[in-house]
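Here the structure comes first, spelled out in structure tokens, and everything after it is commentary.
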Amino acid sequence: MTSRRPGDGTIGKAFEVLDQVAAFGRPVRFSELERISDFPKATLYRLVQTLTSQRFLHHDPDRGVYSLGVRLVRLAHTAWRQSSLAPLARPYLDRLAQDVGETVHLAQLDHGMVLYVDKRSGAEAIEMFSQAGKIGPAYCTGIGKAMLAFLDDKALEDVLPQQSFQRYTDNTLVDRASLRAELGAIRSRGYAFDREEHEPGIVCLAFPILSPGGRIEGGLSVTSTTDRKSLGDLECLAPRLQQTASDIEDEIAQWRFPDEIRTQARTG
């Protein structure tokens, strides 16, 4: 499914090709891209060659495959430092993970999906889907629902059509009406649960992270297994998790762009 819009032009097409290469999760042959692309072969070839010459793609001539290029790695590191919550939240995640002994996640919303931007493993490692840099569903994860619940009405209406409502477990919410009811309860309560909705045996407690103006900046969760923790056990951690979310919100409120700091220094 493409996010390309009519006015996006060549740049939009190029980013779509990058997304397609990334989706394979491995080096990919041109013939494989051609099979899934809706671009004519000549257009696709031109886009791939341009992306390669600009180092957004890397071509291995010995194997005849393409992979994401080193220029993207550099840009990704810069974006992580400048746009991600992770650098601000790092010390608070470390402390929370040490205190609770369970897996801690930090995430942001990306086009209606959960983008995991940082993770701390608990005392006992849990095999699960989430990893930093990975994209997951919002409607059936605790951290995703915590963020959805605190979107403003317009943003929520934009995001709901982007939910796939695929059934992962018997507990997965699979329609908008059920999700809306759940989000209302989360907003009233202040936090969300994952009741084995995405993966069997995986439960979590999640809080939103808000800007000073009340806009969603991200989400924070503590995750465990049903073998170790019940939902009631996790709920006992709510005050600790809420304090961590609040600490991160304070960091967001105090953060300034470097240019703003220099301007204030000159005029202060």
Open item on the list: Out of everything in segment 16-25 that is within 15 Å of Val73 (Cα to Cα) and at pLDDT 90 or above, what residue ends up being surrounded by the fewest Cβ atoms within 10 Å (Cβ to Cβ)?
Closed with: Leu18
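Tell me whether segment 92-104 contains one or more residues that are of a type outside the set (Lys, Arg) and farther than 26 Å from Arg228 by Cα.
Checked against the condition, which is being of a type outside the set (Lys, Arg) and farther than 26 Å from Arg228 by Cα, segment 92-104 yields no hits at all.
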- [ ] For segment 132-156, enumerate the residues that are assigned to a loop (DSSP other than H, G, I, E, B), in contact with a strand residue (DSSP E or B) (Cβ under 7 Å, 6 or more places away or on another chain) and charged (D, E, K, R).
- [x] Lys134
Task: Matching residues, segment 27-46, being touching a residue at least 12 places away in the same chain (Cβ under 8 Å) and not β-branched (Val, Ile, Thr) - done: Pro27, Arg29, Phe30, Leu33, Ser37, Asp38, Phe39, Leu44, Tyr45
Open item on the list: For segment 119-160: of the residues being acidic (Asp, Glu) and at pLDDT 90 or above, which is nearest to Tyr191 (Cα to Cα)?
Closed with: Asp152
TODO: Give Gly184, Gly144, Gly190, Gly201 a once-over and let me know the one that is surrounded by fewer than 20 Cβ atoms within 10 Å (Cβ to Cβ) and within 19 Å of Ser224 (Cα to Cα).
DONE: Gly201
TODO: Starting from residues that are of a type in the set (S, T, N, Q) and not in a loop (DSSP other than H, G, I, E, B), keep the ones in segment 217-244 and report whichever is surrounded by the most Cβ atoms within 10 Å (Cβ to Cβ).
DONE: Ser221
Open item on the list: Being hydrophobic (A, V, I, L, M, F, W, C), out of contact with any Leu (no Cβ under 9 Å at 6 or more places or on another chain) and at pLDDT 95 or above narrows it down to one residue among Ala192, Ala177; which is it?
Closed with: Ala177
Task: Matching residues, segment 47-74, being over 14 Å from Phe15 (Cα atoms), free of Cβ contacts under 8 Å to residues at least 12 places away in the same chain and surrounded by 10 or more Cβ atoms within 10 Å (Cβ to Cβ) - done: Ser53, His59, Val73, Arg74
Open item on the list: Looking at (1) in a loop (DSSP other than H, G, I, E, B); (2) under 17 Å from the mean Cα position of the chain (by Cα); (3) at pLDDT 95 or above, which one does Ser164 not meet, given that it meets all the others?
Closed with: (3)
Open item on the list: Checking the conditions here, which among Thr43, Thr10 is surrounded by fewer than 16 Cβ atoms within 10 Å (Cβ to Cβ), over 28 Å from the mean Cα position of the chain (by Cα) and at pLDDT 85 or above?
Closed with: Thr43
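The values are calculated or read from the model by the stated rules, or taken from the named source; none is laboratory data. Model, not experiment: these values are computed from the prediction. No Cβ is skipped: glycine too gets one built from the backbone with ideal geometry, and neighbour counts run over all protein chains shown.
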